[in-house]
Structure formats: structure tokens, C-alpha cells
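Everything on this sheet refers to the single structure shown next.
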Amino acid sequence: MAATSTSIPSWLFRALENDSQFISETVCSALSNREYARDHMRTQSLTEPPSTSLLARGQHALTSALGKIDPITHYSIVIGRHPDNRVANRYSNIEPYDRTRVVVGDLKGSHCSIGAEGSKGRYFNASWVRELYGGKLWIATQAPLLRTSHVFLSAILQPISAPPASLNSPRMHSPSRVRTIVQLTLNMERGRQKAHTYFPSTPGQSMLSNPDPTSDAPVLQVTLLESKRIDEACCVQSKVSIVPVTSTNPQDAVVFTHLLYAAWPDHGVPEDEDRASLLAFVRLVDRVNKDTSSLPPSTNPDPDPPIMVNCSAGIGRTGSFIAMSSLLRAYHLLSVNPPFNTLAPPPPVSSLPISPLGPLPKEVQEDLIAQEIDSLREQRPGMVQRNEQIHLIYEILNQAFEVRSAT
């Protein structure tokens, strides 16, 4: 890495100057210890007697008699492990936290489960996530299964329900609707299906998406409108339309942009020669999501709505992408010609709930990447899953600063 103390922030320079050994032995180790503690609490939430479970206590019972956060409730994954919902989880050990999970609709006659702050709706293995430093809201989710592709599409078709109050952002716009999907996994990798195909591969073609047996939601017609490859970002950009087959009004159709990044292998990181394309892809996603040129002004479109992002499990590549996006946003590095040139550490946009685990160890408290990852793991289990993905975030941020100092 060719970092210099005058081209990047001091906290990033110190981490890179100590090289990968410091990041592995100090940052990764500290973050791993805290995630191990969270995993212990998640396990405890599943083994409590029914009389003291989350569902019996109620979602608002987050404090003990001493006024401190109850860690068992805070890290509960009871809803995702419910027998009715397990079939909707791509992996048996990855579920959203009850307090941050995304609830889709409240459809008459469909299976409903208690969600954040008592809301009801269809189960969806997805989490509301807010950047610590960038402040943007995301929906981090697993890749669709055959039986969950309908609820995945419904999360786009319907107006966005409010996230938990604890994650509210000053940038939240109402009304809002997801209009950008980021996919960080190929549908097939190493001979295994990592994501169900939920829209056609040929422009002009349509396919039907059926709800799971527990829902009375209408069948959806999904049409690929256009598709193009963007080589510098190593991605395929597609425009897709969704409309209920019961609708007779063309205005009921909702169009979203799907962005597939094709150079990030499962259980790994992009090769060195692909790092430039990853940075270009992060910037493309931000630019596309803010584009309202094709939307009628009368609809009062959200200028920067939450983005829905998935890899296969929705934690490793997904968490890494959100973390790097947050810090690039905070340092105004999401544009090729950034309007600001400052190395001063940005303050968090607004506070997030204090972790029951307390502050990070002293040796990493000034490291913004460590803070960002720890904050993401508070909102969805296992975010930024692997140590090499943590190293990747340092490298991408360093690369962005180097590009800026060279212009």
C-alpha cells in the first residue's frame, strides 16, 4: 500500500503503517471477540423459558430494573428461528435480529409474525441497517430462495414501512420506496445455487412469481425491460418491472434497477485487478439510486431511498459493501471529483443505540473501520464475515484517498 500521512486520515495511516498484522491481530481479534459475545446472547435468547421470551416480554422491554439494555432481548433471533419461518432462511444459522428485521406488508389471511415494535407482516430474512458514519439506511438481506422471491419482490413493490425508531435517520424521506437492488453474488457459484433467479434474462420477457403457501398475496408479473454491461464497474445493470397480475392499471407497475457485481467470489474478496472496478461499482450504485430523472415529479420521489443489498447469506459481502459505502460517503469520496478534500474524522450522522457490550477496546476506539463494522454487527448478525473482507475495506478506502490526492 502506498499510503502517506498527508494523503489519508491519521487513523487509517496508522493501521496501514502497521500493515496487515496489526489489522489481523488487533482489529479483527477485537471485533471477533465481541461477535462471539453476541452469538452467546443469541443462543441464550433461544433457550430462555417461554415465560421470559421476547414474545412474552414485548418488544419494548429492552431495559432491566437498573435501566440498562437487556442483552438477551437486544440480540434475540426468536422470530427467525420460529418453526414457521425457518424454511424461509437460506442458511440455518443466519437470521435477522428481531428488533431490526424488515417486515413486509400485513396481508389479510397471510401468516403474520410479530416484528419490530409490535408490527405484523410476512417474514423476510432481512435487516434494517444504518451506516454509522455515512448515515444512510439500507436493507441487508439474503439472496432470494424460490419460496422467498415473492416476498423479496413485495418489499420493492410496496412503499417502505418505517424502520425501528432506534435506526431513524435524519435523511429518512416519506413516502419512500426501494428502487435499487445490489446483488453481490452470482446466481451460481462453484456449481452451487447462491441466489434464485427472480426476473427473466432476456429484455422484453416476463415471468410469474408466486407467493408462498401461507400468503394470500397476488401473483406478480416480473418483466425485464432492459439490460446492459458496464465494464469499468464489472457489473450488469438491469431495469425490471413488477406488477400484480390482478392489476388492470399500468400505473401500478413499479420499476427498479438491479445492479449485479460479478467479480466478488463467495468466501473471498475481489482480486487485486478488480479493486478499481469495485470502487467504481460503489460509486455507480450511489449515483443510480439518486437518479430521479425517469420519475414523475408529482410522485414526490425520495431523492436517496434505502438500497436493498444481498450476497448469498446477506452478511459477508453485504456488510463489507455497506461499511465501505458508509466511510466513502462520510469522507465525500463517492464521486469521482469529490467536492471536499478533508482528512478530518467525520462525526457519526446521529447516534445509534449503545451496545450492551460497552465500548470497543481502547486500542481500536479511534479506528473508524472497526467502529463501522462493530455497529453493523449490532444490527445484523455476522456482518463483514471474514477477516480478509475487513482488510478489503481498508484497501478500498485507501485507494479512494489515493485517487483523490492524485487529482
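Among the candidates Thr214, Thr185, Thr202, Thr148, single out the residue that is more than 21 Å from the chain's Cα centre (by Cα), surrounded by 15 or more Cβ atoms within 10 Å (Cβ to Cβ), more than 30 Å from Ile69 (Cβ to Cβ) and touching a residue at least 12 places away in the same chain (Cβ under 8 Å). Walk me through how you get there before you give the answer.
Details: Thr185 fails: more than 21 Å from the chain's Cα centre (by Cα); Thr202 fails: surrounded by 15 or more Cβ atoms within 10 Å (Cβ to Cβ); Thr148 fails: more than 21 Å from the chain's Cα centre (by Cα).
Among Thr214, Thr185, Thr202, Thr148, only Thr214 is more than 21 Å from the chain's Cα centre (by Cα), surrounded by 15 or more Cβ atoms within 10 Å (Cβ to Cβ), more than 30 Å from Ile69 (Cβ to Cβ) and touching a residue at least 12 places away in the same chain (Cβ under 8 Å).
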For the range 260-275, how many residues meet the condition of being in contact with a Leu (Cβ under 7 Å, 6 or more places away or on another chain) and under 22 Å from Ala155 (Cα atoms)? 1
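Looking for something among the aliphatic types (A, V, I, L, M) and closer than 28 Å to Pro345 by Cα - is there at least one such residue anywhere in the range 247-260?
The initial filter retains those residues of the range 247-260 that are among the aliphatic types (A, V, I, L, M), namely 253-255, 259-260.
Filter again for closer than 28 Å to Pro345 by Cα, leaving none.
Looking through the range 247-260, none of the residues is among the aliphatic types (A, V, I, L, M) and closer than 28 Å to Pro345 by Cα.
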Which condition does Val178 not pass, out of (1) assigned to a loop (DSSP other than H, G, I, E, B); (2) at pLDDT 80 or above; (3) farther than 29 Å from Ser227 by Cβ, if it passes all the others? (3)
Only one of these conditions is not met by Gly191: (1) surrounded by fewer than 17 Cβ atoms within 10 Å (Cβ to Cβ); (2) more than 21 Å from Gln142 (Cα to Cα); (3) out of contact with any helix residue (DSSP H, G or I) (no Cβ under 9 Å at 6 or more places or on another chain). Which number is it? (2)
Answer yes if at least one residue in the range 43-64 is surrounded by 11 or more Cβ atoms within 10 Å (Cβ to Cβ), under 24 Å from Ala313 (Cα atoms) and either under 20 Å from the mean Cα position of the chain (by Cα) or at pLDDT 95 or above (or both), and no otherwise. no
Tell me which of these Asp266 doesn't satisfy, since it passes every other one: (1) at pLDDT 95 or above; (2) touching a Cys at 6+ places or on another chain (Cβ under 9 Å). (1)
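Out of everything in the range 365-407 that is acidic (Asp, Glu) and touching a Phe, Trp or Tyr at 6+ places or on another chain (Cβ under 9 Å), what residue ends up being surrounded by the fewest Cβ atoms within 10 Å (Cβ to Cβ)?
Narrowing the range 365-407 to residues acidic (Asp, Glu): 366-367, 372, 374, 378, 388, 395, 402.
Narrowing the set further to residues that are touching a Phe, Trp or Tyr at 6+ places or on another chain (Cβ under 9 Å) leaves 366-367, 372, 378.
Numbers: Glu366: 15, Asp367: 23, Glu372: 26, Glu378: 24.
Among those residues, the one meeting the criterion is Glu366.
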Output yes when any residue across the range 295-304 is closer than 30 Å to Arg42 by Cβ and in contact (Cβ under 8 Å) with a residue 12 or more places away in the chain, and no when none is. no
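The values are calculated or read from the model by the stated rules, or taken from the named source; none is laboratory data. Note that the coordinates shown come from a computational prediction; the quantities given were computed from them, not determined experimentally. Backbone-built Cβ (ideal geometry, glycine too); neighbour counts: all protein chains shown.
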